[in-house]
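The values are calculated or read from the model by the stated rules, or taken from the named source; none is laboratory data. Everything numeric in this text was worked out from a predicted model, so none of it was measured. All Cβ positions, even for glycine, are placed from backbone atoms using ideal geometry, and neighbour counts span all protein chains on display.
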Amino acid sequence: MTGADVRDIDPGDGRVSTPSAPRGSAWRSGTPRTATVTSPAVDLSRQTSTPERSWARVVADWPELVEHFREGLVVCGPDEVVWHVTPLAERLLPEVAVGVTLAGLPGFDARNGEFVHHGRRLRTRRVLLSAGRSCWYVEDVSESAGRSDALLAERARAAFLAVAGEKLGNPLHPDRAAAAVVRLAVPELAEVAVLVLAPRSGRARWWRARRADDESPVVDRGVLGAAELPPAILDGLRDAAPHTVDWLAEQAVEAGWLPGLSADDVGVRLVSLPGRDEPVGVLLIARPATRWYGEEDMDLVRAFADRAGAALTTARLYRDQAEVADTLQASLLPAEPVQTAGVQWGTAYRPAPGGLRIGGDFYGSHPLPDGGSIFFLGDVSGKGVEAAVFTGQLRQCLHALHRIEQQPARLLRLLNDALLETTLAHGQGRFATMVLGTVRPHRDGGLKLTLAGGGHLPPLVLRSSGEVEHLPLNGMLIGVVPDPRVGQVSTRLAPGETCLLYSDGVTEARGGRRGDEQLGADRLTQALTGCHRMPAPALAERVEQITCDWLAQRDHDDIAVLALRATGTGARGQRHLHAVPDPTGTTREGTRAQ
């Protein structure tokens, strides 16, 4: 081999220049060409700094230099026959030798890129030289590729956990949260994932996700008795390290959770999902035995289980709180008035905006032994939950006190004393306004009303003439001072006449052209003029509609309306009216009993 043979060889990384002086080969050579390596006789001890003598030192040091290259070099002739192989290339590619043809060599991927060879990941690149020759650079990238793969895997695990945490944070219903857990576990963690929740009332619900052909998991669910759960599941629910239980795969197959699979075909693991005091459930995961779960896999599974347990615990806690809130709200909602002979009731209720169905306005009635009723409508100070709780206390007091006193003014004073005692004991400082009255049927078909006022808006009476009358009723707030001044008034309702009670959420509703003008009692009176023929339910709904139209979707206070209409002797209290065709072809008003 002559210097001309390697003169144009370029390592490709710019670390070795290509001088014009002849160079001797530092590689193992077995080239089929007849060549002699010539090198000028150089006395290195007397070398000067001329280019020729400098290159002579490089040639002398070439074997040592090549040994420390990061890449091995394989030089091929135009016919892909190997001419030269550096020692590093020999170690990385033991099949490559001088004189063999590189194309089709077993184990060598003759393309630029990476491939695995003898357990090592190699990176190769080809550089074309002059005269049809080529040089292959071979580098062992196993360590750097391993670090890169580990970093990518860690990033993938972190991304999966981030997505899982985001998706598991949305469902606030236990069933939807459980379905989300198994759906997220497939296919990232398993081919089949089964979630079993802790039994309640002797029954345990489970969810399963299976990988389908279209990569979208199929989710189903079922219920098992607590005694039917596999022993491994019971151990997991007791937080007894269930992933170490023997025969786990057999138990999963026997339970029917791995359809079409045998215990020898799958690797199965089980982890507990942590709850507040004890596991909220267990997660069983399975995938082919060829992809056995390693320690890194189990670390990811446990991290996922922590998030799933937190999501399920939150969902169950939210459900329990929602059930309590629904029960309490139902008990605090205004109760519909009891049916009373000769009386038709109408009600409307709209709490202030804020997501609650309860507020500080209330109404209701209680029957009296003589066939009449005590009815009331009031408004407590404040809004929301605190006002609703105070309303509940007031209603409970009234429910107890009406059994010992039926005269409206005296009953209102007793209620005032009870509320004062309650508010002072709890330091609440709350008060209420109220209209409380009794209604008794009269022989002529009308109604006799006796009303007492405690700082509330005076009632309206819609007379049969179409006139709207304001009853002169006044008084002091309830729950503020002992022995308050309570006003009382009596009136008669002829058949077809209506008494209307309402809260200040109606008259103080702000709207109009500028949005800050109150509806007021005068506008309400004008809007109700001529409505005396309306049934009580329709009249209450009309008052609510008038108020809402005036508000135009603005914020408002609690709105409550109670209407009672004299229906005449023998009539029953109706809540809904319908247009019923008469057999003669005319239309008459029919009623449905409350």
Members of segment 117-153 that are within 17 Å of E188 (Cα to Cα) and surrounded by 12 or more Cβ atoms within 10 Å (Cβ to Cβ): A153
If you scan segment 120-159, which residues turn out to be touching a Pro at 6+ places or on another chain (Cβ under 9 Å) and either without any contact (Cβ under 8 Å) to a residue 12 or more places away in the chain or in a strand (DSSP E or B) (or both)? V127, S134, C135, Y137
Residue satisfying all of: in segment 482-519; modelled with pLDDT of 90 or more and of a type in the set (D, E); farthest from Q407 (Cα to Cα) among these: E508
Selection count where residues are touching a residue at least 60 places away in the same chain (Cβ under 8 Å) and exposed (fewer than 15 other Cβ atoms within 10 Å of the Cβ), scope segment 267-295: 2
With respect to L412, is the statement that it is part of a helix (DSSP H, G or I), in the same structural domain as P367 (by TED's automatic domain parsing), buried (at least 20 other Cβ atoms within 10 Å of the Cβ) and more than 48 Å from the chain's Cα centre (by Cα) true? yes
Restrict the check to segment 82-89 and report whether at least one residue is surrounded by 13 or more Cβ atoms within 10 Å (Cβ to Cβ) and touching a Pro at 6+ places or on another chain (Cβ under 9 Å). yes
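Can you tell me which residue within segment 189-246, out of those that are of a type in the set (S, T, Y) and farther than 17 Å from S272 by Cβ, is modelled with the highest pLDDT?
The qualifying residue modelled with the highest pLDDT is S201.
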Take the residues in segment 512-533 that are part of a loop (DSSP other than H, G, I, E, B) and out of contact with any Gly (no Cβ under 9 Å at 6 or more places or on another chain), then tell me which one is nearest to V461 (Cα to Cα). G512
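Kindly evaluate F108 against the criterion of being out of contact with any His (no Cβ under 8 Å at 6 or more places or on another chain), closer than 30 Å to G146 by Cβ and at pLDDT 65 or above.
Numbers: out of contact with any His (no Cβ under 8 Å at 6 or more places or on another chain): no; closer than 30 Å to G146 by Cβ: yes; at pLDDT 65 or above: yes.
Considered against the rule, which asks whether it is out of contact with any His (no Cβ under 8 Å at 6 or more places or on another chain), closer than 30 Å to G146 by Cβ and at pLDDT 65 or above, F108 comes out as no.
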Selection from segment 492-511 of residues that are in a strand (DSSP E or B) and surrounded by fewer than 17 Cβ atoms within 10 Å (Cβ to Cβ): R492
Note: among A536, A540, A509, A521, just one is under 20 Å from G372 (Cβ atoms) and hydrophobic (A, V, I, L, M, F, W, C), namely A536
Just one listed residue, out of D220, D264, is assigned by TED's automatic domain parsing to the domain that holds Y318, acidic (D, E), touching a residue at least 12 places away in the same chain (Cβ under 8 Å) and assigned to a strand (DSSP E or B), and it is D220
Before we move on, is S465 surrounded by fewer than 22 Cβ atoms within 10 Å (Cβ to Cβ), at negative phi, over 53 Å from the mean Cα position of the chain (by Cα) and assigned to a loop (DSSP other than H, G, I, E, B)? yes
